[in-house]
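Colleague: Just dropping this structure here.
The values are calculated or read from the model by the stated rules, or taken from the named source; none is laboratory data. Nothing here was measured: the structure is a model prediction, and the numbers come from that model. Every residue, glycine as well, gets a Cβ built from its backbone with ideal geometry; the counts of neighbours run over all protein chains shown. Heads up: the accessible areas ignore ligands, DNA and RNA and are worked out on the full protein's heavy atoms, side chains in. Shrake-Rupley method; radii C 1.70, N 1.55, O 1.52, S 1.80 Å.
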Amino acid sequence: MKPLVLHPDRLFSSDPDQRSIARRLYGEVASLPIISPHGHTDPNWFADNEPFSDPANLLFTPDHYLFRMLFSQGVSLTSLGIQRLDGQVSEQNPRRIWQLLADHYHLFLGTPSRLWLDHALQDVFGIDVMLDGSSANHVYDAIDDRLKHPDYSPRALFDRFNIEFLATTESALDDLAAHDKIRDSGWSGTVVSTYRPDAVVDPEYEGFAVNLIELAKLTGEDTSHWQGYLAAHRKRRAYFIERGATASDHGHPTATTCDFEEKACQQLLDGAIAGDLTAQEADLFRGQVLTEMAAMSLEDGLVMQLHAGVVHNHNQTVMKEFGRDKGADLPASVEFSKGLKPLLDRFGNDRKLRLILFTLDETTYSRELAPLAGHYPALRVGPPWWFFDSVEGMLRHKRSIIETAGFFNTCGFNDDTRAFLSIPARHDVARRVDCRHLAELVAEHRLDEEQALGLAQSLANGLVKDAYRLTDL
Amino acid sequence: MKPLVLHPDRLFSSDPDQRSIARRLYGEVASLPIISPHGHTDPNWFADNEPFSDPANLLFTPDHYLFRMLFSQGVSLTSLGIQRLDGQVSEQNPRRIWQLLADHYHLFLGTPSRLWLDHALQDVFGIDVMLDGSSANHVYDAIDDRLKHPDYSPRALFDRFNIEFLATTESALDDLAAHDKIRDSGWSGTVVSTYRPDAVVDPEYEGFAVNLIELAKLTGEDTSHWQGYLAAHRKRRAYFIERGATASDHGHPTATTCDFEEKACQQLLDGAIAGDLTAQEADLFRGQVLTEMAAMSLEDGLVMQLHAGVVHNHNQTVMKEFGRDKGADLPASVEFSKGLKPLLDRFGNDRKLRLILFTLDETTYSRELAPLAGHYPALRVGPPWWFFDSVEGMLRHKRSIIETAGFFNTCGFNDDTRAFLSIPARHDVARRVDCRHLAELVAEHRLDEEQALGLAQSLANGLVKDAYRLTDL
Amino acid sequence: MKPLVLHPDRLFSSDPDQRSIARRLYGEVASLPIISPHGHTDPNWFADNEPFSDPANLLFTPDHYLFRMLFSQGVSLTSLGIQRLDGQVSEQNPRRIWQLLADHYHLFLGTPSRLWLDHALQDVFGIDVMLDGSSANHVYDAIDDRLKHPDYSPRALFDRFNIEFLATTESALDDLAAHDKIRDSGWSGTVVSTYRPDAVVDPEYEGFAVNLIELAKLTGEDTSHWQGYLAAHRKRRAYFIERGATASDHGHPTATTCDFEEKACQQLLDGAIAGDLTAQEADLFRGQVLTEMAAMSLEDGLVMQLHAGVVHNHNQTVMKEFGRDKGADLPASVEFSKGLKPLLDRFGNDRKLRLILFTLDETTYSRELAPLAGHYPALRVGPPWWFFDSVEGMLRHKRSIIETAGFFNTCGFNDDTRAFLSIPARHDVARRVDCRHLAELVAEHRLDEEQALGLAQSLANGLVKDAYRLTDL
């Protein structure tokens, strides 16, 4: 078995000047508390505080980065324990799943997934051997053993990870029982939800009409009428805000926004409920709701996040056999400047609105996002998202955006993960890359080190709090 | 107050090999005269040679890079002294405007604006303290004091900046009185205009029909008939050429060109005057005129510049309240290969035509501009434009273009600025980044140092003269 | 005359850490045999083994990278010996053509063409002076002299270049007589063809209908009926496979694929033969054939290569006067995710299909190719193609793709050249850049050196064999 050693200088430039500056900057921010304003961890973990079941279900199954790579190299989803919709049995034995991951772990060389998992293995579990086919059992046993220990309960890890704030993401229809349970438990950790209304905003979402009936029940509003539909959103937003939410999140295939008269809105809503909107009309409906959400944000203060441009569930067979969210989502081209104009025409100059933009289309960094956020008071550029939550992805993001938008129209880091154990690793990677980038600017005399230190702290902390209005932290 | 010190090695790589090569290269080109073949300074400065009024109106107000950033962070345009269209009074006190800039100067960390302004403060004004809220008054006074001195008159600065050639940009309707006054003054500086006919080429320009009447008056041609319209252009071009102009400049939302029969041209012109062209027809009209301009260039030798792909005045409220050009312009996707084909089919192989292409859509660097300019004798790739007139922007431009088009299908540097005081800073940044890029190639044995030195000189000087046909320099 | 010296550390980073790691890695892969699974050399060279005629016809004329650059700077194609279609005589004297190249050789500073040609001059011909106007004759004589020597025959060079496998590319209608002659000659070199059916797949190809008649004759199938047309492909593929081909190659303007019913296929075929398809229908026809080719690949095992997104013969005058393939091809935007969906819906999860994707639109690296290949078992990302077969092009390719798709969904290197003498140079550049990139990852502690060495070997060798199913090597 080969040793696993994470080098203390990892991700810093090998240029001695830059490396020593990066070390100093990183030394000042490495242990700052983690603020995680957007992600997809399960609040029940913290509500129930049950031990995690096993290494595979903790580290592998919730991580679509991992299983999509194995799938791409011919490993079947059933052998990886992904549940089939037809009830046929998939692999049940977590040890066998773990062995498959270990056998294919070389596929992740050069990818962030490997950085994150190695970090969790070494830093969280104290594993000192490299994961591969030969060490799989040893590593499995070591993790499994620790998971039984109370030090590895969700809340204990949360505390140990030094998480100051964690936002989960729930459907508009969620009762947030887990969050209530967390709050009522007296535990000191701060875990709040994010208002994610896609299921009642996207006419193409499975069960949209049924979801609207559910929304009506929850709110006592007539969601088949436009004003009732909006009022229902207002009530649900208030429900989330009461429980600590500071943000909403909108996952849309495009960045279309609209500003129609009420009559046109009602017609779109009618069509959405009847299920007979064209694809373009569905886009307009979502775009209209986005503008309405901005209007509500001005009333209730929720920060808006727009994650635009994903083709969901591209793989027809995987969708049919295993369902949605099985690693078959792909980026799409996206256009912001024209798309957001109706919303911006109404609210773009209002500093009280905060709209954070995310993209998987890197061409928009310098062509749209930076120029937009470098002008409109309501806009900020979100951190590099998903496939770009990586060393090179972050560097391209910085280099394309900062010169036009500056640092202060950006938002620090989001981990955006459902893999709880990767949170410290992801924030560590982000801080290292931030310090590396800043060290480059210092070594090239584009900043002085005092300025760089202030920026490193802002990126780890101040900009996040400011962007997400975490004024209580 | 913190000291302001521009490091002599700034913008060079921190790699010792590269840095020492860059130093040597830069040493050979740093003090070469400035050739500024495209920009937007005001010729009246040099005609009248009046002292500049105050620091804010000299350094801040003409610089939309600066006020768009402050606006993006919630500073109102009125407080920055930007004039409202309704006559309501904006801030009049330049000292207060300067203070606002200073209070927000941290926003520019990592941006070229800060590089340029710091350079002007230190190199032009001899300021040795960093601009911030606490030093604002001190810096204001120091600049204000110097501005009263004859050494800081426009012409004195022009000479001190070692500007060998400066092109301004005027509307086709401009009488170039300022340029005549400069020439008649006996001053030795070379300041010429550039023919910018957008106001009489773009049917969507405010007052297009009125502008055409004005064009008719100026030329004695019937601009409502296609041949008269073209003849009027020919006369105005000749007028500009007599006064030293060597280039025309065309700011178009797309890179569309057309090659229609005269009848279709007349119909488009009729519609343009009547104001009833569709957006697509307006695009065709502009595209047809672009091809006609190429034909005229073959006759009269003006170098054509095409600045394609800008969404002007995206912010509806700012446009309504403050008018155009208030920092609300955005890049747009642009397509050159199909768009330019009609023009290239006619003139693309004619070496006597020179068409320089500019883009704000970086995806076109490697996909369109470099392959086009690396094939068509009539084409050259312009320098990185606007948001990309920056360290990273220049490096991406070089790395995406040179390997396909070579250095000799590029054009050196344009400052393209209305901020006169930033001219030496911008050229200095460009020369530093050029030398840095070349030093990288030398240190990696992709060029030898003698070749790199020749290229550094060409980029600062020879390629610019050649591209803009400045044969007298 | 200046000396020509290729530095042993060329293309490595100048950072001492990275450089020494790169040296060690490169030392292990520099002399591995060349596997060239995709290219356009002429099999008759190896069949006939005649001496190459002269320096210009060997090194210049087959290389459109070279003559497009000279053309872009005003050198006429006739003076470069490019044959006119009207029979008018072009330059016949290779020494004069060579002189023109030498006079303009500075145009290639910073381009891969210069790297390749310098490498051939020094390494293949032992020339020790730099090519320029003054050395042109000397260099010409030296090469010309060596070409008469048997050590410089095509086969001798093939052996000296240490080529283990070379694929050429022939039309579906080719009889592969050259390949038969090679095989029958008893020579040990492995040269096989690649099935390239564009002439009988693309309704917009010159002579498509005639080509289909030819295809019918060759196969005894009725190519005017859909099933006969497909059967004819099957027979030709079998013919190629019998002669060692392991791959097909498809050069399409888009990445469209289709999956129509037979009746619709027949209608498209009818229209294609009649020559009355619209541009969009022609795209659908090609897209349907692509899907059929995938089906056939599942039967006969040919690896599919899709080279998508080229505008061929953009220069109208050059096309009219000199014909196709005269350096006037340009990249185009291309979309893969939607385009490939019909094919992927049928076969994307089948590991037995291998479809390698190439693009000239770099925006697709991170937005489409890496996410697609990082999910679908049937897909791999091809190496950087054409204008991106360059140092910076390769680095951008790696940095944009590996973090999402990993190394093992890529395919090593293709030289894709018709310039035989550049093959060792191109593979050397690729290996150097691979080692440089890996050295960066090692120096930044993103890989350890043992992992990097394994990857360097895979990139030079294992991944190529695996991607192209060269199981016998």
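Colleague: Can you give me the relative contact order of segment B:284-371 as a percent, contacts being Cα pairs under 8 Å and 6 or more apart?
Modeller: This gives 37 percent for segment B:284-371.
Colleague: Next question. For segment B:372-414, just list the percent of Cα-Cα distances falling in each 10 Å bin from zero outward, please.
Modeller: All Cα pairs considered, the percentages come to 31, 54, 15.
Colleague: Here's a follow-up. Cβ under 9 Å from C:Val200's Cβ, C:Val200 left aside: what net charge do those residues give with Lys, Arg +1 and Asp, Glu -1?
Modeller: That sum, taken over residues with Cβ under 9 Å, equals -2.
Colleague: Give me the percent of Cα-Cα pairs in segment A:265-326 that sit more than 15 Å apart, rounded to a whole number.
Modeller: Considering segment A:265-326, 65 percent of its Cα-Cα pairs are separated by more than 15 Å.
Colleague: Can you tell me the FRET efficiency between B:Arg324 and B:Gln280 if r is taken as the Cβ-Cβ distance and R0 is 22 Å, rounded to the nearest 0.05?
Modeller: Here the calculated transfer efficiency is 0.45.
Colleague: Would you kindly calculate the mean projected area, averaged across all directions, of the convex hull enclosing the Cα atoms of segment B:134-189, in square nanometres?
Modeller: If you wrap the Cα atoms of segment B:134-189 in a convex hull and average its projections, you get 5.8 nm².
Colleague: Scan around A:Val311 for amide H atoms under 5 Å from its own, H built in the peptide plane at 1.01 Å from N, and keep only partners 5 or more places away or cross-chain.
Modeller: A:Leu330, A:Ala332
Colleague: Length gain on complete extension for the stretch C:Arg351 to C:Asn137, per 0.36 nm per residue less the alpha carbon to alpha carbon distance?
Modeller: Stretched fully, the C:Arg351-C:Asn137 segment lengthens by 71.6 nm.
Colleague: With all protein chains present and a 1.4 Å probe, how do C:Lys326, A:Lys352, B:Lys181 order by accessible area, largest first?
Modeller: A:Lys352, B:Lys181, C:Lys326
Colleague: In addition: Give the share of C-alpha pairs in each 5 angstrom bin for segment C:14-129, from 0 to the last occupied bin, in whole percents, shortest bins first.
Modeller: Per 5 Å bin, starting at 0, the Cα pair percentages come out as 2, 8, 14, 18, 18, 15, 10, 7, 4, 2, 1, 0.
Colleague: With a 1.4 Å probe and every protein chain kept in, tell me what percent of the accessible surface of segment C:26-155 is carbon plus sulfur.
Modeller: Carbon and sulfur atoms account for 47 percent of the accessible area of segment C:26-155.
Colleague: To continue, here is another question. Counting only other residues whose beta carbon sits under 12 Å from that of C:Ala467, what net charge do I get with K and R as +1, D and E as -1?
Modeller: Neighbour charge sum, excluding C:Ala467 itself: +3.
Colleague: Binned at 10 Å from 0, what are the whole-percent values of the Cα-Cα distance distribution for segment A:203-276, short to long?
Modeller: 18, 45, 35, 3
Colleague: Grab the Cα-Cα distance for B:Glu206 and B:Arg96, subtract it from 0.36 nm times how many residues apart they are, and report the gain in nm with one decimal.
Modeller: Between B:Glu206 and B:Arg96, full extension yields an extra 36.3 nm.
Colleague: Could you pull out every residue, at least 5 positions away or on a different chain, whose amide H is within less than 5 Å of the one on A:Gly251? Hs are placed 1.01 Å off N in the peptide plane, and Pro or chain starts have none.
Modeller: A:Asp198, A:His307
Colleague: Still on this model: Which value, in Å³ per residue, describes the convex hull spanned by the Cα atoms of the protein assembly as shown?
Modeller: So the per-residue Cα hull volume is 179 Å³.
Colleague: Which pairs, out of A:Lys320/C:Lys465; C:Lys181/C:Lys320; A:Lys341/C:Lys398; B:Lys465/C:Lys326, put more than 32 Å between their alpha-carbon atoms?
Modeller: From the list (A:Lys320/C:Lys465; C:Lys181/C:Lys320; A:Lys341/C:Lys398; B:Lys465/C:Lys326), the Cα-Cα distance tops 32 Å for A:Lys320/C:Lys465; C:Lys181/C:Lys320; A:Lys341/C:Lys398.
Colleague: Next question, about the same structure. Ignoring ligands, DNA and RNA, what percent of the accessible area of segment C:322-473 is carbon or sulfur (1.4 Å)?
Modeller: 50 percent
Colleague: Count the net charge of all other residues whose Cβ sits under 10 Å from the Cβ of A:Ala272, scoring Lys and Arg as +1 and Asp and Glu as -1.
Modeller: Its environment carries a net charge of -4.
Colleague: Continuing with this model, one more query. Which whole-number percent of Cα pairs in chain A have a distance greater than 38 Å?
Modeller: Tail fraction, whole percent: 25.
Colleague: When the scattering of segment C:118-164 is computed by the Debye formula from its Cα atoms alone, each counted once and equally, what is log10 I(q)/I(0) at q = 0.26, 0.27 Å⁻¹?
Modeller: -0.96, -1.00
Colleague: Suppose we take every Cα in segment B:80-202 and form the convex hull; what volume per residue is that in Å³?
Modeller: 178 Å³
Colleague: Based solely on its DSSP helices, what 222 nm [θ] is calculated for the protein assembly as shown when runs of n ≥ 4 H residues each add -39,500 (n - 2.57) and the sum is averaged over all residues, nearest 500 deg cm²/dmol?
Modeller: -13000 deg cm²/dmol
Colleague: Nearest 20 debye, what's the magnitude of the dipole of segment A:19-68 about its Cα centre given +1 on Lys and Arg Cβ and -1 on Asp and Glu Cβ?
Modeller: The dipole magnitude comes to about 560 debye.
Colleague: OK, next. What dipole magnitude, in Debye to the nearest 20, does the protein assembly as shown give about its Cα centre under +1 on Lys/Arg Cβ and -1 on Asp/Glu Cβ?
Modeller: 1440 debye
Colleague: Using the charge dipole of segment A:18-116 (Lys, Arg: +1 at Cβ; Asp, Glu: -1 at Cβ; taken about the Cα centre), state which of A:Leu59, A:Leu115, A:Ser76 has its Cα farthest towards the positive end.
Modeller: A:Leu115
Colleague: Can you give the Rg to Rh ratio of segment A:1-68, both from alpha-carbon atoms, with Rh computed by the Kirkwood formula?
Modeller: 1.10
Colleague: What is the distance, in nm, between label points placed 7 Å from the Cα along the Cα-to-Cβ direction at C:Glu50 and at C:Glu450?
Modeller: In this crude label model, C:Glu50 to C:Glu450 measures out at 5.5 nm.
Colleague: Can you list the HN-Hα couplings for segment A:372-387, worked out from phi with the Karplus curve (6.51, -1.76, 1.60; θ = phi - 60°), rounded to whole Hz and with x for Gly and Pro?
Modeller: These are the phi-based 3J(HN,Hα) values: 5, 5, x, 10, 7, x, 7, 9, 9, 8, x, x, x, 10, 6, 4 Hz.
Colleague: Tell me the label-point distance for the pair C:His149, C:Val89, using the 7 Å Cα-to-Cβ offset, in nm and rounded to one decimal.
Modeller: 3.4 nm
Colleague: Let me ask you something else. Enumerate the calculated ³J(HN,Hα) couplings along segment A:209-224 in order (Karplus 6.51 cos²θ - 1.76 cosθ + 1.60, θ = phi - 60°), each rounded to whole Hz, writing x wherever the residue is Gly or Pro.
Modeller: 5, 5, 4, 5, 5, 4, 5, 4, 4, 5, 10, x, 9, 7, 6, 8
Colleague: Where the only charges are on Cβ atoms (+1 Lys, Arg; -1 Asp, Glu), what is the dipole of segment A:1-111 about its Cα centre, to the nearest 20 debye?
Modeller: 340 debye
Colleague: Okay, moving on. Under Stokes-Einstein, with the Kirkwood radius over Cα pairs standing in for Rh, what whole-number D in µm²/s applies to segment A:47-102 at 25 °C and 0.890 mPa s?
Modeller: For the chosen part, D equals 207 µm²/s.
Colleague: Please compute the contact order of chain A in relative form: average sequence separation of alpha-carbon pairs under 8 Å and at least six residues apart, divided by the residue count, as a percent.
Modeller: 20 percent
Colleague: Accessible area per residue, 1.4 Å probe, Å², for segment A:248-327: what's the number?
Modeller: On a per-residue basis, segment A:248-327 sits at 37 Å².
Colleague: Along the charge dipole of chain A, which of A:Gly462, A:Ala443, A:Tyr26 sits closest to the positive end, that is, farthest toward it, with unit charges on the beta carbon of Lys, Arg, Asp and Glu (+1, +1, -1, -1)?
Modeller: Of the options given, the answer is A:Ala443.
Colleague: In whole Hz and in residue order, list the ³J(HN,Hα) couplings for segment A:227-240 that follow from phi through the Karplus curve 6.51 cos²θ - 1.76 cosθ + 1.60, θ = phi - 60°; x for Gly and Pro.
Modeller: 5, x, 4, 5, 4, 4, 4, 4, 5, 5, 4, 4, 4, 5
Colleague: Using only the alpha carbons of segment C:156-246, what is the convex hull's orientation-averaged projected area in square nanometres?
Modeller: Projected area, direction-averaged: 6.5 nm².
Colleague: Follow-up. Could you work out the percent of alpha carbon pairs in segment C:217-371 separated by over 23 Å, rounded to a whole number?
Modeller: Every Cα pair in segment C:217-371 considered, those over 23 Å come to 44 percent.
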